[in-house]
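Asks: Below is one structure. I have some questions about it.
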């Protein structure tokens with residue numbers, strides 16, 4: 001009789017390396033425990049031992065009958081290693097897998113991974129019903145939202161499960177079981193940050209929270225693994241979780257991971273008035289066509305650290321093609337309002353949409369260059385299973401082999417009408433510029449010295465720099481955290497990013513700087529090869545033959 005369920009977090013990173021906390025799995029585990037099932041957990045990211053050793057010990061010690069896991073499609077390889085290892089230990093163990101890796105293409109997952117039951121869509125209710133069926137020998141064909149091989153070894157997909165209407169009915173993610181304390185320490189490690197947002201004088205504990213699911217919009221590059229129906233938790237539920245995280249873990253910073261935080265102004269004003277008393281800063285995602293002065297002022301007064309604005313392109317042609325439902329004028333108006341109120345904005349430009357041309361690329365890049373005061377990250381659009389762009393790429397034969405494409409972690413492909421050779425040249429130039437952070441300007445390093453203290457066994461430096469945007473001075477205390485020629489810091493007054501020279505700031509030698517120049521150029525060459533998939537595949541096959 002089935003009694004024990006083992007949930008496994010794939011090894012996304014080595015011990016003490018950053019990885020996104022597995023909130024989705026956390027929700028599923030919590031609901032299993034709420035419904036009385038005996039659940040054990042192994043987070044492979046927190047252990048150094050070989051995966052086979054860890055799983056074998058857990059399976060034998062706890063008499064495990066079912067192993068459950070899940071992942072995004074980009075982590076196909078990591079999940080495959082877990083499933084292969086489980087079946088190697090005991091082929092009779094039932095494997096259950098959920099997440100976007102199954103939901104986006106159930107047939108591909110069930111045909112190519114050692115999955116006994118795949119969960120399609122939201123998994124909290126589905127896995128409870130499946131677990132009950134497995135424990136009590138009930139007919140699994142009656143369970144909506146799953147897929148499996150039937151008695152004829154053919155894939156059987158049951159009907160779709162309706163989206164969960166009442167998100168408040170779900171328990172909070174199982175933070176304790178997944179090792180949240182350990183993850184918080186990893187998340188604060190210096191070598192994993194992209195820029196110095198907070199220094200040692202202002203230590204932070206950051207957590208992600210989901211106040212809603214899905215999105216009412218249908219951008220072509222997006223995929224919604226939790227369904228296409230936009231739903232929100234009540235603010236009472238959200239603030240109960242905030243209080244829990246603050247009181248138990250000392251959380252001081254919240255990153256709301258909602259694809260869209262809210263389209264309801266009344267909810268926004270209610271949220272901003274209620275969060276004030278917690279003295280917690282937060283990040284939040286927003287649309288450029290859903291901003292006004294009153295709302296921005298309320299967000300600023302309530303502790304918003306920055307808005308993540310959905311920009312994506314500065315070309316109306318491309319925005320229309322992306323089905324963003326926004327315009328360049330609305331984007332510029334949003335930036336103007338944010339600057340007026342003093343709300344920091346971080347956004348992305350993603351190049352390579354179907355409608356992209358050299359002129360539209362230039363339009364976006366020129367706009368970024370002409371507005372160095374804005375924090376804008378530049379990259380290339382990816383065809384993500386099962387997005388509209390993914391389906392387009394398949395229909396045009398741009399993705400020859402779905403499985404190989406996924407296992408290679410979605411390499412950039414040319415979706416545009418630009419000549420392939422020219423597109424590669426543009427990608428090389430843009431990526432080289434992105435690595436050098438050319439859109440981020442240098443501030444002035446005024447002083448630096450070694451402090452009489454160490455952090456994580458590394459020397460701490462106290463330094464002062466002048467912001468090129470607001471011209472004010474900020475004092476910082478931190479260890480060396482960048483391997484680039486420059487280090488990026490955030491002004492403590494206007495919150496804009498700017499660069500300081502790493503060698504001077506952290507008193508490095510000339511030869512250390514020379515080494516960084518060489519490594520940076522090697523990295524640029526590598527990314528250029530990575531972009532040219534055909535060349536990379538030929539190179540990989542050559543090494544295999546030798």
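No lab work stands behind these numbers, since they all come straight from the coordinates. In this text the structure is predicted, and so the values were computed from the model without any measurement.
Asks: How far is the Cα center of segment 95-143 from the Cα center of segment 1-52, in Å?
Replies: 17 Å
Asks: Still on this structure, please answer the following. If you average the sequence gap of Cα pairs under 8 Å that are 6 or more apart and divide by the length of segment 4-157, what percent do you get for the contact order?
Replies: Working: 252 pairs, mean separation 32.7, N = 154.
Across segment 4-157, relative contact order equals 21 percent.
Asks: Could you work out the equivalent-ellipsoid semi-axes for segment 281-440, taking the square root of 5 times each eigenvalue of the Cα gyration tensor, largest first, in whole Å? Please list the in-between numbers first.
Replies: On the way: eigenvalues 187, 59, 44 Å².
Its equivalent ellipsoid spans semi-axes of 31, 17, 15 Å.
Asks: Any idea what angle helix 510-531 forms with the longest principal axis of the chain, computed on alpha-carbon atoms, 0 to 90 degrees, nearest 10?
Replies: 50 degrees
Asks: Classify segment 444-508 from the C-alpha gyration tensor, please: rounded if a/c falls under 1.5, else prolate or oblate depending on whether a/b exceeds b/c. Don't skip to the end; give the middle numbers.
Replies: Working: a/c = 1.94, a/b = 1.62, b/c = 1.20.
Verdict is prolate for segment 444-508.
Asks: With n ≥ 4 as the cut-off for DSSP H runs, can you work out [θ] at 222 nm for the chain, using -39500 (n - 2.57) per run divided by the number of residues, rounded to the nearest 500? Please report the intermediate quantities before stating the final value.
Replies: Working: 19 runs with 206 residues, N = 546.
After summing the helix terms and dividing by the residues of the chain, the value is -11500 deg cm²/dmol.
Asks: Can you give me the C-alpha center-to-center distance between segment 210-243 and segment 60-84, rounded to a whole angstrom?
Replies: 26 Å
Asks: Considering the values (1) 24.4, 73; (2) 33.8, 122; (3) 29.4, 104, which represents Rg and Dmax of the Cα atoms in Å as calculated for the structure under consideration?
Replies: Label of the calculated value: (1).
Asks: Moving on. With no solvent and one point on each alpha carbon, what is the Debye value of log10 I(q)/I(0) for segment 195-381 at q = 0.17, 0.20 Å⁻¹?
Replies: For the requested q values the scattering log ratios are -1.19, -1.48.
Asks: Let me ask you something else. For segment 277-340, what class follows from the C-alpha gyration tensor (a ≥ b ≥ c being the square roots of its eigenvalues): rounded when a/c is under 1.5, otherwise prolate if a/b is larger than b/c, else oblate?
Replies: Values: a/c = 3.22, a/b = 2.17, b/c = 1.49.
Prolate, since a/c reaches 1.5 and a/b exceeds b/c.
Asks: May I have the pair-distance distribution P(r) for segment 4-157, computed from all Cα-Cα distances with 10 Å bins from 0 and rounded to whole percent?
Replies: 11, 44, 38, 7, 0
Asks: Pull up the DSSP beta bridges for the chain and report the antiparallel fraction as a percent, rounded to 5.
Replies: On the way: 28 of 68 bridges.
Of those bridges, close to 40 percent are antiparallel.
Asks: Okay, moving on. Could you tell me how far the Cα centroid of segment 371-406 sits from the Cα centroid of segment 338-367, in Å?
Replies: If you average the Cα positions of each part, the centres end up 17 Å apart.
Asks: Then there's this: Kindly give Rg over Rh for segment 134-225, based on alpha-carbon atoms, with the Kirkwood expression for the hydrodynamic radius. Let's see the in-between values first.
Replies: On the way: Rg = 20.8 Å, Rh = 18.5 Å.
Taking Rg over the Kirkwood Rh, I get 1.12.
Asks: Only bridges whose two residues both fall in segment 195-381 count here: according to DSSP, what percent of them are antiparallel, nearest 5?
Replies: The antiparallel fraction comes to roughly 10 percent.
Asks: Right, something else. Which shape class applies to segment 3-94: rounded if a/c is under 1.5, otherwise prolate when a/b exceeds b/c and oblate if not, where a ≥ b ≥ c are the square roots of the Cα gyration tensor eigenvalues?
Replies: oblate
Asks: Under the definition of Cα pairs under 8 Å and six or more residues apart, what whole-number percent is the relative contact order of segment 359-483? Write out the running numbers ahead of the final one.
Replies: Values: 116 pairs, mean separation 22.0, N = 125.
It rounds to 18 percent for segment 359-483.
Asks: Right, next: Could you work out the relative contact order of the chain? I mean the mean sequence separation of Cα pairs under 8 Å and 6+ apart, divided by the number of residues, in percent.
Replies: Numbers: 935 pairs, mean separation 55.4, N = 546.
Taking the mean separation of contacting Cα pairs over the length of the chain, I get 10 percent.
Asks: Please give the helix 51-61 orientation as an angle from the longest Cα principal axis of the chain, in degrees from 0 to 90, rounded to the nearest 10.
Replies: 40 degrees
Asks: Among bridges DSSP assigns within segment 4-157, what percent are antiparallel (round to 5)? Walk me through the intermediate numbers first.
Replies: Values: 6 of 22 bridges.
Percentage antiparallel, nearest 5: 25.
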